[in-house]
């Protein structure tokens, strides 16, 4: 096989490949969780969440493929087994746990925010330590997508009223009993 000559050393490429494989593992675990909640959600928000999570897992599937292809672009091989994913993922499974709809949303918010934090670190490491601006840019796009999904999910459970201007109304104070 011809030597890869893209301006990165083998060590730099391998360092970035390791980061990408962790991102791949986290994304795959999040995909599994999202699909499971898509199947199991019940209650008044069923249709809304069922459809929202379908959009999310379709986007995660696209991103998983893009991450794996980035690994191949750099001359590596993506992790491709559940055993491998579970070894390097930072997200944790919640096997046997089927929360209510709001609990599902909260868990997914936590997972997306965890991925955002990891991606921030990986962006910096890709750029500063491994000098791979292409991967840093690629990861920035993924991070922005997870930020948006986390925002949408947080908005679903916040429940705070908002005025048409976008401002939150002043908190109402309760009058003490007997006054």
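The values are calculated or read from the model by the stated rules, or taken from the named source; none is laboratory data. Bear in mind the structure is a predicted one, so any value in this text is a computation, not a measurement. Here the Cβ is made from the backbone with ideal geometry for all residues, glycine too, and neighbour counts use every protein chain on show.
Just checking, how many residues over the range 61-80 are without any contact (Cβ under 8 Å) to a residue 24 or more places away in the chain and either within 19 Å of the chain's Cα centre (by Cα) or crowded, with 18+ Cβ neighbours inside 10 Å (or both)?
4
Could you check the range 129-140 and list, in sequence order, the residues that are in a helix (DSSP H, G or I) and either out of contact with any helix residue (DSSP H, G or I) (no Cβ under 9 Å at 6 or more places or on another chain) or buried (at least 18 other Cβ atoms within 10 Å of the Cβ) (or both)?
135, 136, 138, 139 - these are the residues of the range 129-140 that are in a helix (DSSP H, G or I) and either out of contact with any helix residue (DSSP H, G or I) (no Cβ under 9 Å at 6 or more places or on another chain) or buried (at least 18 other Cβ atoms within 10 Å of the Cβ) (or both).
Report whether or not residue 106 is assigned to a helix (DSSP H, G or I) and closer than 28 Å to residue 155 by Cβ.
Values: assigned to a helix (DSSP H, G or I): yes; closer than 28 Å to residue 155 by Cβ: yes.
Here the answer is yes, as residue 106 does meet what is asked.
Regarding residue 121, is this residue part of a helix (DSSP H, G or I), at pLDDT 95 or above and out of contact with any helix residue (DSSP H, G or I) (no Cβ under 9 Å at 6 or more places or on another chain)?
The answer is no for residue 121.
Inspect the range 145-161 for any residue being exposed (fewer than 10 other Cβ atoms within 10 Å of the Cβ), more than 25 Å from residue 113 (Cβ to Cβ), more than 23 Å from the chain's Cα centre (by Cα) and at pLDDT below 95 and give the result as yes or no.
no
Cβ-Cβ under 9 Å, sequence separation 6+ or interchain: first residue in the range 145-161 and farther than 14 Å from residue 110 by Cα, partner modelled with pLDDT under 95. Which pairs?
160/168; 160/169; 161/168; 161/169
Taking the conditions exactly as written (under 30 Å from residue 9 (Cα atoms) and without any contact (Cβ under 8 Å) to a residue 60 or more places away in the chain), does residue 83 satisfy them or not?
yes
Looking at the range 67-82, which of its residues are part of a helix (DSSP H, G or I) and either modelled with pLDDT of 95 or more or at positive phi (or both)?
Residues satisfying the conditions are 67, 68, 69, 70, 71, 72, 73.
Mind listing whichever residues of the range 93-136 are in contact (Cβ under 8 Å) with a residue 60 or more places away in the chain and more than 30 Å from residue 37 (Cα to Cα)?
Answer for the range 93-136, where residues must be in contact (Cβ under 8 Å) with a residue 60 or more places away in the chain and more than 30 Å from residue 37 (Cα to Cα): 125, 126, 129, 130, 131, 132, 135.
Yes/no per residue for (1) touching a helix residue (DSSP H, G or I) at 6+ places or on another chain (Cβ under 8 Å); (2) at pLDDT 95 or above; (3) within 21 Å of residue 156 (Cα to Cα); (4) part of a helix (DSSP H, G or I):
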position	(1), (2), (3), (4)
1	no, no, no, no
5	no, no, no, no
13	no, yes, no, yes
16	yes, yes, no, yes
20	yes, yes, no, yes
29	yes, yes, no, yes
49	yes, no, yes, yes
61	yes, yes, no, yes
90	yes, yes, no, no
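Inspect the range 38-48 for any residue being on the phi > 0 side of the Ramachandran plot and out of contact with any strand residue (DSSP E or B) (no Cβ under 8 Å at 6 or more places or on another chain) and give the result as yes or no.
Within the range 38-48, the subset on the phi > 0 side of the Ramachandran plot is 43.
With the extra rule that they be out of contact with any strand residue (DSSP E or B) (no Cβ under 8 Å at 6 or more places or on another chain), the set shrinks to 43.
Scanning the range 38-48, I find at least one residue that is on the phi > 0 side of the Ramachandran plot and out of contact with any strand residue (DSSP E or B) (no Cβ under 8 Å at 6 or more places or on another chain), so the answer is yes.
Looking at the range 92-100, is at least one residue more than 15 Å from residue 146 (Cβ to Cβ), over 17 Å from the mean Cα position of the chain (by Cα) and assigned to a helix (DSSP H, G or I)? Spell out how you get there, then give the answer.
Initially, the range 92-100 is screened for residues more than 15 Å from residue 146 (Cβ to Cβ), giving 92-100.
Now narrow it down to the ones that are over 17 Å from the mean Cα position of the chain (by Cα): 95-100.
Retained after the next criterion (residues that are assigned to a helix (DSSP H, G or I)): none.
Within the range 92-100 (the criterion being more than 15 Å from residue 146 (Cβ to Cβ), over 17 Å from the mean Cα position of the chain (by Cα) and assigned to a helix (DSSP H, G or I)), the answer is no, since none of the residues qualifies.
For residues that are within 18 Å of residue 154 (Cα to Cα) and touching a helix residue (DSSP H, G or I) at 6+ places or on another chain (Cβ under 6 Å), scanning just the range 32-47, find the one that is surrounded by the most Cβ atoms within 10 Å (Cβ to Cβ).
34
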